[in-house]
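Everything on this sheet refers to the single structure shown next.
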Amino acid sequence: MSHPGPPRFVATGDSVELAPRDPDPSATYEWSVVQAPVASTATTGDDPVEQFVPDAPGTYVVRLSAPDGRHDLTVRAFGSDRAPEANTRGARASGGRSGSAFATTHRAGDEGTGASYSGEIGGLGVGAGSGRPRLTLSATVEEGNVVVRADPEPNPHSDETRADLDVEFLLDDRDDLAWRDVGTEGLALVVPLDAFPERGRFHAVALGEHGYSVPAAIDICRETAGNDDSAIDVTHPYHPPVWSEDAVIYEIYVRTFGEGEGGAFDAIVDRLDYIEGLGVDVIWLTPVLENDHAPHGYNVTDFFSIAADLGTRKDYRAFVEAAHDRGIKVLFDLVCNHSARAHPHFQAAVSDPDSEYREWYEWRSETEPETYFDWQHIANFDFSHLPVRRHLLDAVDEWAPTVDGFRCDMAWAVPNGFWREVHDRLKARDPEFLLLDETIPYIADFQAGLFDTHFDSTTYAALRRVGRGDAPATDLLDAVDERSATGFPGYAAFMLYAENHDETRYIVECGEAAAEAALGALFTLPGAPMVYAGQEFGQRGTRDGLAWAHAKEELRTHVEGLATARHEQPALAGRASLERLDADLRAGEADRVVAYRRASGDDAVTVVLNFGADPATVAVDATDTTDLVTGVDLADGGDEGRAVTVDSVAVLPADAET
């Protein structure tokens with residue numbers, strides 16, 4: 001269906017991308033404004049993909065006329081004074097490109113490796129007393145009615161209270177439900193069961209003095225003719241798959257992971273038992289499609305073919321099946337922002353101004369395409385051109401059935417509306433499919449039906465500063481707090497990492513002692529830990545062949561122990577609470593030590609991280625001084641049995657009632 005998707009919440013001046021879904025490039029699509037505030041003069045143009053800019057507060061209805069009928073899209077525009085602070089939401093756009101000048105994704109073969117994002121705490125968040133509110137939705141059946149409840153909460157950094165917040169709902173234009181069938185009770189909507197359609201989707205934001213929340217959504221399907229909760233099936237389309245929240249992720253740089261007589265996929269299969277032994281749940285491979293000379297694979301020349309130097313499609317499928325046989329899921333690295341300049345379509349476009357592919361790309365000049373960071377081997381696609389969207393959606397359809405999720409490259413550089421369509425397209429087929437975005441720094445609005453899990457570049461940057469000795473270890477907890485300060489809802493998910501194929505190895509920059517502590521942070525802070533292949537045994541080269549023969553076995557054992565503790569301890573789960581503790585230091589460097597408590601239900605642990613080169617002795621609140629990672633008793637004998645000596649990380653049982 002061509003319908004452009006869920007309703008939008010924006011502020012006046014925001015740009016809303018209007019694009020038909022599942023487009024036919026040969027068809028005719030027309031946009032018009034059929035409802036607008038009296039003060040508005042906003043209009044649409046004549047192209048199939050338009051940028052609509054509300055210019056007055058109020059509700060707009062924009063209509064798409066398509067071959068399969070007419071489709072209305074509701075746009076709720078708040079005044080610019082209600083726009084969330086710009087540094088909490090990226091570019092002011094609902095459908096256009098979002099992102100930041102801080103973005104970092106350096107490619108060997110283009111500009112080499114490195115990062116341009118400093119990640120300073122406070123640089124992305126909010127001022128004292130401010131911050132976007134947050135919102136969750138729930139639904140039940142009560143006395144013959146479907147009741148959709150909103151639960152707003154003020155930003156933790158805000159001086160507002162829950163009573164200060166309002167909630168505004170929108171119905172989904174795609175559903176057969178009208179406002180005349182909906183009642184209200186406080187912060188809830190009430191729909192009689194006998195008026196409830198086969199499917200009803202509800203969208204809402206919390207409103208406060210400092211702006212509106214990341215939009216929340218709930219999807220309700222009528223199941224039976226009953227009069228209780230069994231009558232409906234409730235899903236939360238913006239929540240991440242449960243399996244992904246605590247998954248241990250292992251990134252593999254495909255072309256240098258292993259050597260042997262077989263291809264790259266065979267080399268990975270040969271190491272799957274090893275990877276499983278590490279405690280890995282998910283393997284993320286760098287791109288595997290045909291590409292130009294650059295070994296990283298991000299400069300794609302064919303979006304539908306496996307790179308011949310890596311193996312065949314049969315080899316790739318055999319790898320995925322072998323991983324699945326071990327209970328390991330696989331992420332496909334999806335590149336949508338650009339193609340290689342070696343791609344046949346770009347070659348045709350640059351050599352012939354009249355080529356049909358000329359409109360596929362953005363241009364700086366007659367011969368120079370638009371790109372980022374002056375990368376010399378890629379060309380940015382023009383997403384206002386329907387054949388581009390069609391081509392990339394077909395590529396999504398080609399590879400999604402073979403894997404368990406996409407790691408979305410340069411997500412910030414692709415129009416939000418395109419990702420929103422990809423999200424809905426894939427979730428309709430498999431709600432458990434994972435969408436992980438590479439957006440640096442992260443953008444809270446990307447949780448609203450674009451992606452499930454986000455690169456936590458803020459904690460990454462804090463890990464680097466702490467590891468170098470440029471910041472106290474407590475900066476790690478400030479970094480985690482930044483998620484809520486930025487406006488992410490409580491159900492948002494994050495991937496924690498200390499290094500990847502774009503960054504200098506942590507052990508090289510920060511040393512072995514700090515590297516062990518950093519691994520401890522990845523596995524004990526809220527978020528899904530990611531280990532870059534070789535990190536577990538002290539690899540020093542970022543993209544070199546892995547030095548298997550020189551592996552540090554004690555470091556690998558350290559990772560295995562951390563992964564086991566993460567899987568076995570409910571208190572280390574992603575949704576477990578996080579509480580700062582005062583590190584009662586008896587010996588060691590105060591700035592190199594941080595302590596915190598994690599708790600879930602009847603389970604709790606105390607975690608101590610030591611980034612210093614020498615052991616630290618810390619008095620802790622724990623019910624046992626036996627480390628849950630190593631099984632070793634860390635008791636120092638002092639402070640009436642409360643003191644423990646920590647080399648790099650300690651995870652100790654704690655009282656859940658504290």
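The values are calculated or read from the model by the stated rules, or taken from the named source; none is laboratory data. This one's a predicted model, so the numbers in the text were calculated from it and none came from an experiment. As a convention, Cβ positions derive from the backbone with ideal geometry for all residues, glycine included, and neighbour counts pool all protein chains shown. The accessibility values were calculated without ligands, DNA or RNA, using every heavy atom of the protein model including side chains. Shrake-Rupley method; radii C 1.70, N 1.55, O 1.52, S 1.80 Å.
The table that follows gives values for the structure above.
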| item | result |
| --- | --- |
| Of all accessible heavy-atom area on the stretch 370-514, the percent that carbon and sulfur account for (1.4 Å) | 47 |
| Alpha-carbon Rg with Dmax, taken over the stretch 574-658, Å | 11.9, 35 |
| Accessible surface of the stretch 180-255 [probe 1.4 Å, protein heavy atoms]: carbon and sulfur percent | 47 |
| The stretch 1-43: translational diffusion in µm²/s, Stokes-Einstein, Kirkwood Rh over Cα pairs, 20 °C, 1.002 mPa s | 170 |
| Overall form of the stretch 389-519 per C-alpha gyration tensor (a/c, 1.5; a/b vs b/c) | prolate |
| Cβ charges +1 (Lys, Arg) and -1 (Asp, Glu), total dipole of the stretch 297-446, debye | 460 |
| Shape of the stretch 263-385, Cα gyration tensor, a/c cut at 1.5 | prolate |
| GluC sites (Glu not before Pro) within the stretch 308-383: DSSP coil, no more than 12 neighbouring Cβ in 10 Å | Glu356, Glu366 |
| MRE, 222 nm, helices only [DSSP H, n ≥ 4, -39500 (n - 2.57), over the chain, to nearest 500] | -5500 deg cm²/dmol |
| For the stretch 548-588, size of Cβ-based charge dipole, Lys and Arg +1, Asp and Glu -1, in debye | 120 |
| Check: the chain dipole with +1 on Lys, Arg Cβ and -1 on Asp, Glu Cβ, in debye | 820 |
| Given charges at Cβ of Lys, Arg, Asp, Glu: the chain dipole, positive-most of Gly588, Ala27, Ser213 | Ala27 |
| Contact order normalised by residue count of the chain, Cα under 8 Å, 6+ apart, percent | 12 |
| Antiparallel content of DSSP bridges confined to the chain, in %, to 5 | 75 |
| Solvent-accessible area per residue for the stretch 260-411 (1.4 angstrom probe, square angstrom) | 37 |
| Most positive-pole-ward Cα, Pro472, Tyr372, Ala225, against dipole of the chain from beta carbon charges | Tyr372 |
| Rounded if a/c under 1.5, otherwise prolate or oblate - the chain, Cα gyration tensor axes | oblate |
| Segment Asp602-Glu560, extension gain: residue separation times 0.36 nm, minus the distance between their alpha carbons | 12.6 nm |
| Burial order of peptide ranges 216-229, 452-465 (average beta-carbon count within 10 Å, highest first) | 452-465, 216-229 |
| Protection proxy ranking, peptides 536-545, 9-18, average beta carbon neighbours within 10 Å, highest first | 9-18, 536-545 |
